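Taking it in order: structure first as structure tokens, then the write-up.
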Amino acid sequence: MTDPRPPQLRRTPLTGVHERLGATLTGFAGWLMPLRYGSETAEHNAVRTAAGLFDLSHMGEITVTGPGAAAALDYALVGEPSALAPGRARYTMICAEDGGILDDLIVYRLAGDEFLIVANAANTGVVFGALTERAGTTAQVTDRTADYALIALQGPNATAILTQLTDADLAAVRYYASYPATVAGREILLARTGYTGEDGFELFTRPQDAEPVWEALMAAGAAHGLVPAGLAARDTLRLEAGMPLYGNELGPDVTPFDAGLGRVVKLGKPGDFVGRAALERRAKAEPQRELVGLASRSRRVPRHGYTVLWDGTACGKVTSGAPSPTLGRPIAMAYVAAKVAAKAREAGQDGEPARLAVDIRGSAVPADLVSLPFYRRRA
């Protein structure tokens, strides 16, 4: 007999903090996560103008270790982790034999024979299984999600806040780099990475250290506009920054080239890797679809799954859409036929923006075809 009860949601080491703050909690990828603490727009704007603090402990952490770790990852992933220096990180993907994306990842090389892979929460099991199979006996693959909590401090004031709590030379922590550090007296792995389009840091802590580190950051950030921020703000921030989300822009029916991310596929690296033949063919083929940005000319919001129109005919689907607090209008990402995107751009010359439309509940709502990202922070 099937158990009618819903599966138990996993709690992060910070769930108690979120409950005390009055967060709206929601199930996400099997975890109980904060959706918002108050106004998601206020949280979004705080990250753009000051700083926001996110609990990302639902993300998966997988280590690959041993003398064969680098070679195993070169075979398992589309990137070239063996080329990373210790202390550096890289955005990459793990693909199926047909080139479809199983997940997008960040790979940190912690030492010569030690790598940390951060996977999306919903795909941790898939990634762990694929890495284990592809590594075989050449490296040790371990799911260490339960050994970590992950806190993201994002926004223009992130450095000023974190400086108060660490002796680490934050100016020397380059983008996509990671270093062992001490924050608020707790040993962490400090990375200059994020998913908001802003400068900031991600702090990997032991589960028991997560709450003290969170509270210390909030206290240090009080004079710098720091607010706790939930999944809703994180989604609008990443959308403005043109960052893809697995399950929306990325999936098993999408290759990195479809998503405009062919640069992560290192076809020039030596040896074979899973998906190489399919991705080589895709790299040479004429693109059939293109991931584009749409900025609505109406206050009506293009949502995931809505049909994109060209001259009244369907030409694609919206993958993500939301009101943009920064731009003051609804925005979306969508896959559209590559030939249609080219025609729309040709029609939009002489100072006029290229324009498509989105079918929103039976109405063709005009939308400008714009370059991604919608938002780019000032250096």
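No lab work stands behind these numbers, since they all come straight from the coordinates. No experiment lies behind these values; they were computed from the predicted model shown. So basically every Cβ, Gly included, is an ideal-geometry build from the backbone, and we count neighbours across all protein chains shown.
If the reach is capped at under 18 angstrom between alpha carbons, list the aspartates and glutamates near residue 269, excluding any in the same chain fewer than eight residues apart.
Partners found: 74, 80, 97, 280.
Counting other beta carbons within 10 Å of each residue's own, what order do 117, 360 fall into, fewest first?
Values: 117 27, 360 20.
The fewest-first ordering by Cβ neighbours comes to 360, 117.
Which residue fluctuates most in the GNM of the chain (Cα springs below 10 Å): 66, 247, 136?
It is 136.
By the gyration tensor of its Cα atoms, with a ≥ b ≥ c the square roots of the eigenvalues, what is the shape of segment 221-353: rounded for a/c under 1.5, prolate for a/b over b/c, or oblate? Could you put the intermediate results ahead of the total?
Numbers: a/c = 2.21, a/b = 1.20, b/c = 1.85.
In terms of gyration-tensor shape, oblate.
From the helices alone, meaning DSSP H stretches of at least four residues, give me the mean residue ellipticity at 222 nm for the chain, per-run term -39500 (n - 2.57), in deg cm²/dmol to the nearest 500. Mind showing how you got there, number by number?
Values: 9 runs with 82 residues, N = 379.
About -6000 deg cm²/dmol.
With the chain treated as a Gaussian network of Cα nodes joined by springs under 10 Å, which of 203, 239, 105 yields the largest mean-square fluctuation?
Of 203, 239, 105, the most mobile in the Gaussian network model is 105.
Between residue 370 and residues 5 or more places away or on another chain, which pairs have amide H atoms under 5 Å apart, with H built 1.01 Å from N, and which residues are they?
Close amide H contacts, sequence-distant or interchain: 293, 294, 295.
Can you give me the C-alpha center-to-center distance between segment 301-336 and segment 61-106, rounded to a whole angstrom?
32
Rounded to whole Hz and in sequence order, give me ³J(HN,Hα) for segment 89-101 from the Karplus expression 6.51 cos²θ - 1.76 cosθ + 1.60, θ = phi - 60°, writing x for Gly and Pro.
9, 8, 7, 8, 9, 10, 10, 7, 4, 7, x, x, 7
Quick one: what are the phi-derived ³J(HN,Hα) couplings along segment 151-159, Karplus 6.51/-1.76/1.60 with θ = phi - 60°, whole Hz, x for glycine and proline?
Coupling constants for segment 151-159: 10, 10, 10, 10, x, x, 9, 4, 5 Hz.
So what are the ³J(HN,Hα) numbers for segment 39-55, from phi and the Karplus equation (6.51, -1.76, 1.60; θ = phi - 60°), rounded to whole Hz, Gly and Pro as x?
9, 5, 5, 5, 5, 4, 5, 5, 5, 6, 10, 9, 6, x, 10, 10, 8
In straight Cα distance, which lysines are under 24 Å from residue 317, not counting same-chain residues fewer than 8 positions off?
339, 343
How big is the antiparallel share of DSSP beta bridges in the chain, given as a percent to the nearest 5?
Details: 78 of 84 bridges.
Roughly 95 percent of the beta bridges in the chain run antiparallel, per DSSP.
Based on a Kirkwood Rh over C-alpha pairs, give the Stokes-Einstein translational diffusion coefficient of segment 148-283 at 4 °C and viscosity 1.567 mPa s in µm²/s.
Details: Rh = 17.1 Å.
D, rounded to a whole number, is 76 µm²/s.
In segment 137-221, which trypsin sites (Lys or Arg not before Pro) fall in coil by DSSP and have 15 or fewer other Cβ atoms within 10 Å? Intermediate values should be presented prior to the final figure.
Working: sites: 144, 174, 186, 192; in loops: 144, 174, 192.
Sparse-neighbourhood loop trypsin sites (Lys or Arg not before Pro): 144, 174.
Mind checking which lysines have their Cα closer than 17 Å to the Cα of residue 266? Skip sequence neighbours fewer than 8 apart in that chain.
Within reach: 284.
Take the alpha carbon gyration tensor of the chain, find the square roots of its eigenvalues, order them as a ≥ b ≥ c, and report rounded if a/c is under 1.5; if not, report prolate when a/b exceeds b/c, else oblate.
Numbers: a/c = 1.65, a/b = 1.18, b/c = 1.40.
It is oblate, given that a/c is not under 1.5 and a/b is not larger than b/c.
Ratio of alpha-carbon Rg to the 2.2 N^0.38 Å globular estimate for segment 60-141, to two decimals, please.
Details: Rg = 11.2 Å, N = 82, 2.2 N^0.38 = 11.7 Å.
Against the compact-globule rule of thumb, the ratio is 0.95.
Would you mind giving the average projected area, over all directions, of the Cα convex hull of segment 286-370 in nm² with one decimal? If you can, show how the numbers build up before the last one.
Numbers: hull surface 21.3 nm².
Over all viewing directions, segment 286-370 projects a mean Cα-hull area of 5.3 nm².
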